[in-house]
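Beneath this line is the structure, given in structure tokens, with notes to follow.
The values are calculated or read from the model by the stated rules, or taken from the named source; none is laboratory data. Here the structure is a predicted model, which is why all the values come from computation and not from measurement. Glycine also receives a Cβ, built like all others from the backbone with ideal geometry; neighbour counts cover every protein chain displayed.
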Amino acid sequence: MIIGSFLNVVIIRSVKNESLGGRSSCRSCKTKLTARELIPLISFCIQKGRCRNCGAVLLKQYFWVELITGLAFSGVFYMLATTYSPWDTDNFVKWLIFGLALVSSAIVIVATDLRSKIIPHGPVIVLLILGIIASVNRHGLFSGLVTDLMAAIVIAAFFFVLWLYSKGRWMGLGDAKLILASSLLVGYPLSIAAFLFSFWTGGIMGIGLILLHGRNKIKYLIPFGPFILLGSLLAYIFGGGFLMWSGLIYLL
Ligand SMILES: [Zn+2]
């Protein structure tokens with residue numbers, strides 16, 4: 001949750017191109033925050049979501065990002081603890097660092113895209129590096145990375161064309177870069193399932209929002225980054241079963 005508190009700073013300052021250093025302060029009255037105002041979740045709850053000095057309402061993002069980071073880090077730890085024996089410290093530590101970097105980047109991307117409709121470069125580059133590591137680790141350099149990369153480029157090219165054709169209204173350029181990274185992370189052929197899942201979940205959400213708010217209000221406002229990452233997560237869990245069940249595996 002302490003890392004989550006730092007990710008909040010990244011999410012807010014990266015959009016404004018501010019540096020990540022320096023003490024945190026209230027965005028309204030600029031009072032520097034003391035240690036007791038920086039305790040994850042607890043400070044937010046004690047202060048009832050307001051600044052202790054000026055009473056300005058704090059972003060709910062502070063609370064949610066801290067909570068979700070804490071849960072996601074625990075989830076990564078639990079997953080690895082059930083996969084590797086406690087004596088296999090090499091693998092455990094290696095994949096722990098990998099997993100924590102992965103969920104941190106994903107959280108920053110989702111929160112920034114929801115908040116500012118921007119997919120920040122830094123965390124996408126981190127995901128791209130992690131994707132290359134994951135790909136090489138799965139099947140080696142040639143049979144693994146080359147195949148995964150070719151599939152990832154085809155999928156990203158589809159997003160790139162959507163971006164170009166719609167002049168950024170349906171899809172951002174950031175979405176194309178993000179799906180390139182996430183396709184490498186899940187690898188071929190799961191990346192095909194991830195691609196379909198992200199369109200389906202995004203589509204269901206889009207139709208839901210249109211039904212709720214009417215067509216005109218939500219134009220261009222649905223960020224797609226969260227659905228790319230959700231699609232990849234779903235593909236990681238259910239992708240293999242889905243490709244078998246649908247028979248797509250015989251086409252790929
Ligand atoms: Zn204040």
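Just a few scattered comments:
- When Ala181, Ala235, Ala193 are checked against the criterion of being among the small types (Gly, Ala, Ser), part of a helix (DSSP H, G or I), farther than 19 Å from Val103 by Cα and modelled with pLDDT of 95 or more, a single residue qualifies: Ala193.
- Considering the range 19-78, and only residues there that are farther than 18 Å from Thr112 by Cα and of a type in the set (Val, Ile, Thr), the residue that is nearest to the ligand (Cβ to nearest atom) turns out to be Thr31.
- For Asp90: the one exception among (1) acidic (Asp, Glu); (2) assigned to a helix (DSSP H, G or I); (3) closer than 24 Å to Leu178 by Cβ: (3)
- Residue match in the range 210-232 (condition: surrounded by fewer than 21 Cβ atoms within 10 Å (Cβ to Cβ), over 22 Å from Phe98 (Cβ atoms) and modelled with pLDDT of 90 or more): no
- Unmet requirement for Leu251, which otherwise passes all of (1) without any contact (Cβ under 8 Å) to a residue 24 or more places away in the chain; (2) under 18 Å from Ala134 (Cα atoms): (2)
- Every listed requirement among (1) over 21 Å from Ser198 (Cβ atoms); (2) part of a loop (DSSP other than H, G, I, E, B) is met by Gly168 save one, (1).
- Matching residues, the range 11-56, being in a loop (DSSP other than H, G, I, E, B) and in contact (Cβ under 8 Å) with a residue 24 or more places away in the chain: Cys26, Arg27, Ser28, Cys29, Leu38, Pro40, Leu41, Cys51, Asn53, Cys54, Ala56
- Contacts under 6 angstrom Cβ, first residue in the range 209-228 being assigned to a helix (DSSP H, G or I), partner polar (S, T, N, Q) and at pLDDT 80 or above, 6 or more apart: Phe227/Ser198; Phe227/Thr201; Ile228/Ser182; Ile228/Ser198
- You will find that of Gly174, Gly203, Gly168, the residue that is surrounded by fewer than 18 Cβ atoms within 10 Å (Cβ to Cβ), under 19 Å from Thr112 (Cβ atoms) and small (Gly, Ala, Ser) is Gly168 and no other.
- Only one of the numbered conditions (1) hydrophobic (A, V, I, L, M, F, W, C); (2) in contact with a helix residue (DSSP H, G or I) (Cβ under 8 Å, 6 or more places away or on another chain); (3) under 21 Å from Pro223 (Cβ atoms) is violated by Leu164, and that is (2).
- With respect to the conditions (1) modelled with pLDDT of 90 or more; (2) farther than 22 Å from Ser14 by Cα; (3) assigned to a helix (DSSP H, G or I), Gly206 lacks only one, and its number is (1).
- Test: Ala72 is assigned to a helix (DSSP H, G or I) and within 20 Å of Phe44 (Cβ to Cβ): yes
- Flag for Phe98 being closer than 27 Å to Asn17 by Cα and surrounded by 13 or more Cβ atoms within 10 Å (Cβ to Cβ): yes
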